[in-house]
1. Out of the residues in region A:368-395 that are more than 21 Å from the chain's Cα centre (by Cα) and among the aliphatic types (A, V, I, L, M), which is nearest to A:T240 (Cα to Cα)?
2. Cβ-Cβ under 8 Å, sequence separation 6+ or interchain: first residue in region B:178-189 and free of Cβ contacts under 8 Å to residues at least 40 places away in the same chain, partner open to solvent by 10 Å² or more (accessible area, probe 1.4 Å) and hydroxyl-bearing (S, T, Y). Which pairs?
3. Among the residues that make up region B:222-236, is at least one of them within 14 Å of another protein chain (Cβ to nearest Cβ) and under 24 Å from the mean Cα position of the chain (by Cα)?
4. Mind checking whether some residue in region A:129-138 is aliphatic (A, V, I, L, M) and within 10 Å of chain B (Cβ to nearest Cβ)?
5. What is the number of the single condition among (1) surrounded by fewer than 24 Cβ atoms within 10 Å (Cβ to Cβ); (2) among the hydroxyl-bearing types (S, T, Y); (3) facing chain A (nearest Cβ under 7 Å) that B:Y162 does not meet?
6. Considering only helices (runs of 4 or more DSSP H) fully contained in region B:248-336, which possess at least 1 residues that are closer than 24 Å to B:A215 by Cα?
7. For the subset of region B:443-459 comprising residues that are free of Cβ contacts under 8 Å to residues at least 24 places away in the same chain and more than 7 Å from chain A (Cβ to nearest Cβ), which member is least open to solvent (accessible area, probe 1.4 Å)?
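The values are calculated or read from the model by the stated rules, or taken from the named source; none is laboratory data. Note that the structure is predicted; figures quoted are calculated from it, not measured. Every residue, glycine as well, gets a Cβ built from its backbone with ideal geometry; the counts of neighbours run over all protein chains shown. SASA here: full protein model, heavy atoms, side chains in, ligands and nucleic acids out. Shrake-Rupley method; radii C 1.70, N 1.55, O 1.52, S 1.80 Å.
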Number of protein chains: 2
Amino acid sequence: MSDLLEALRGTVPADRIVTDPDVISSYTHDEAAWAPYGTPAALVRAGSTGDVRDVVAACAERGVPLVPRGAGTGVSGGANALDGCVLLSLEAMDAIVEINAEERLAVVQPGVVNDALRQACAERGLWYPPDPSSAPWSTIGGNVATNAGGLCCVKYGVTRDYVLAVEAVVGRGEVVRLGRRTAKGVAGYDLCGLMVGSEGTLGVITEVTVRLRGARAPERTVVGYFDTLQAAGEAVGAITAAGIVPSALELVDRHVLEAVDAWRNMGLSADANVLLLGRTDVPGEAGDAEAAAMVRLFEEAGATWSARSSDEAEAEALFSARKLSHQALERLGTLLTEDVCVPRGLLPEMLTRVEATAARNDVHIANVAHAGDGNLHPLIVTPPGDDGARVRAQRAFDEIIADAIALGGTVSGEHGIGLLKRRGLRDEVSPAVIALHHAVKDALDPAGIFNPGKVIGTP
Amino acid sequence: MSDLLEALRGTVPADRIVTDPDVISSYTHDEAAWAPYGTPAALVRAGSTGDVRDVVAACAERGVPLVPRGAGTGVSGGANALDGCVLLSLEAMDAIVEINAEERLAVVQPGVVNDALRQACAERGLWYPPDPSSAPWSTIGGNVATNAGGLCCVKYGVTRDYVLAVEAVVGRGEVVRLGRRTAKGVAGYDLCGLMVGSEGTLGVITEVTVRLRGARAPERTVVGYFDTLQAAGEAVGAITAAGIVPSALELVDRHVLEAVDAWRNMGLSADANVLLLGRTDVPGEAGDAEAAAMVRLFEEAGATWSARSSDEAEAEALFSARKLSHQALERLGTLLTEDVCVPRGLLPEMLTRVEATAARNDVHIANVAHAGDGNLHPLIVTPPGDDGARVRAQRAFDEIIADAIALGGTVSGEHGIGLLKRRGLRDEVSPAVIALHHAVKDALDPAGIFNPGKVIGTP
């Protein structure tokens, strides 16, 4: 290992190599509850693609595992340290290289924070849509590595839909450009797309070219209060069946509303058991009509109250309650975060099963959902120090995954597999598909150094 | 080889195996000009996934190359036969398995013709957007294998953006399902996306699940006549710069107009040297405003005439002239079809270079372009039997590719690499990226049987 450090010190600027255990300790894991992590040999805060290349080459030569990471806001353990690894932080590579209005694209280093890119684009009348709840902190590199989603996915797609090209360091230190700057292109395999969502297991992303949209029309917000999760789920189904594609359609349950009220005193839980928040960004009268249709469909599905918000500040407050759900619930204990996604029409059935799982296992499960996508985030809350509840929470986690698979869904809609969903992935896909994953991993990581054991485990 | 046929006859229904050379000859190549093709050992018209599995297994066991094909409408040679290969036609697997309005998806066998799927969706108020010019004949399987584009790409993306899942036969005959039925999903590598555009080199697609949209508002058409390619190119740039995303933006030059007139007597070439056809499907007043803005921008860029078409039949006729360009020009000789794509802002420069290439090489080049995407289709016309012109045409083909690369573009926007663009691909990407392609190919095709030599050639 001292050999590795010596090699790094020969090529990487000294101030970018950290061996102080106290500093390193804050980089050893992401926000996944109870996911294991080891003790790294060193942390490198890369400042350039050259630094990354040097680190990859040094690790490949010695067979030392390398764990790349952005801001560490993941919730699946994908960025967790392995014993003896080099942790490679990309946070310092945070330059916005180019924002090009004519070509509708931006080129950024991986450490650029999502909101910083979105703000810079907005100043030029452009829009980078992917908006994970972690947008104020998470980086574009991490978003690409996990194929992050967000609120606007229901209409505008996920990170993958916006990545035109990446520069990456692969193999034993080769720097490659994958993808293109043009609007279309089919020259060779979609290796750029393969890197998106590969969670650091196929190489290190050192630059990203993203597609942009023009600024959109202001959104109108529609609010619905429901007594039951099922009624809210039916309302979501009715909106899809009516051919409406809202620009957001979020569900928040009573456990979340109570936690937010307890923290921020917003008075939400007095009014509703379940909140549906819909948005439309269709311009002009057509947008007014779409908002009115959502109000009507909410009512027909049994909303106890539904209206188009006339007050943008109030609408923002309701969405911020949804975005604050994680922090509000973390005040009550450890959060085990689910991320299953089911066919849209099975959302009510899946919500029913989650409630049954909570009751059966005697655990506290709060629900937020990107309802319009069928993407649920049951949040299993375990009081501090309650080991019995922890065991029950982990059992509930597995049962929710099993139910999602049984309904034709997937174990992860947008958070990734990391460490926590590896068994779920094996349950979801066939052994032949797992074998294909290993074949691709072995082909693109001949030295076996890129985040080994994550996502697909060891053969 | 008789051993192979014997094995096939043991598993595949006899009427699906064709060895008659006269029948086979009509399946030996696609529509690429002067692309080489060999003599197959047999043609199998697969009727089921089981047939495909049996053929793959028999070929893998014996190391016999397997060339999958749909309707054979490609123009890069991707479906051309190799000596001694088994040609595997998927045309007979043409069932629409499911159209699901609630989940906004369709499940189809690979032999379903694009227009047949689009029609079946339209009858249910749904829309499958990808609309290659070959849509009346080409199959969804072929569209997926080449990641086909079309006219609506400029606003709605390409085939890749609509493929949720595939069933494929890979390796030595394993049947796998890749992708998902849910709106979102990040469980493992995007192997479904990797299959899209892989041109039959990684396996045989036996079922496709595509994402659908709701039916859209009727389109308005805007027509512009221009004296020069450059003026038309500037008009396209002005539209992008104004933040307008048209639902189609097509360019047709004088050579095409004259050929269509000579064939169908439409009288187009009397009015214009270059035609721009823009469309908008934005509903309501906002759509009227967008159409008006396009008319104004056409005029400001120097259109000799521009107007919103008030006559939908006339608009359809103009678009059909664009779609008939291939057939009209084929009456004049052999067509070598280009498919380069450049950054949108460089469209005028690329058109200038194409004109210079035509003059320098004394060849006849007609131009159609998905102008809004920067995707050009220079069509190099060679009179029958003129060997000198053929040599000059092939030189012009190479020079256009070199110019596209020099401008930061790609050698293929939507037609694929096949046989004709293999050198172009090697010129476009670095040797390290070619090495990654071979690593992926070797990993996923251990028997080396899937369309060998296509796209990336042999190492």
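1. Among residues in region A:368-395 that are more than 21 Å from the chain's Cα centre (by Cα) and among the aliphatic types (A, V, I, L, M), the one nearest to A:T240 (Cα to Cα) is A:A393.
2. Taking only residues 6 or more apart or on different chains, the pairs are B:V186/A:T146.
3. Yes, some residue in region B:222-236 is within 14 Å of another protein chain (Cβ to nearest Cβ) and under 24 Å from the mean Cα position of the chain (by Cα).
4. Looking through region A:129-138, none of the residues is aliphatic (A, V, I, L, M) and within 10 Å of chain B (Cβ to nearest Cβ).
5. So the condition that B:Y162 fails would be (3).
6. Qualifying helices (runs of 4 or more DSSP H): B:284-300, B:312-323.
7. Only one residue tops the list, namely B:T458.
The rows are residues; the columns are (1) part of a strand (DSSP E or B); (2) among the aromatic types (F, W, Y); (3) out of contact with any helix residue (DSSP H, G or I) (no Cβ under 8 Å at 6 or more places or on another chain).
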{"position": "B:Y189", "(1), (2), (3)": "no, yes, no"}
{"position": "B:L202", "(1), (2), (3)": "no, no, no"}
{"position": "B:T221", "(1), (2), (3)": "yes, no, no"}
{"position": "B:G233", "(1), (2), (3)": "no, no, no"}
{"position": "B:G243", "(1), (2), (3)": "no, no, yes"}
{"position": "B:P246", "(1), (2), (3)": "no, no, no"}
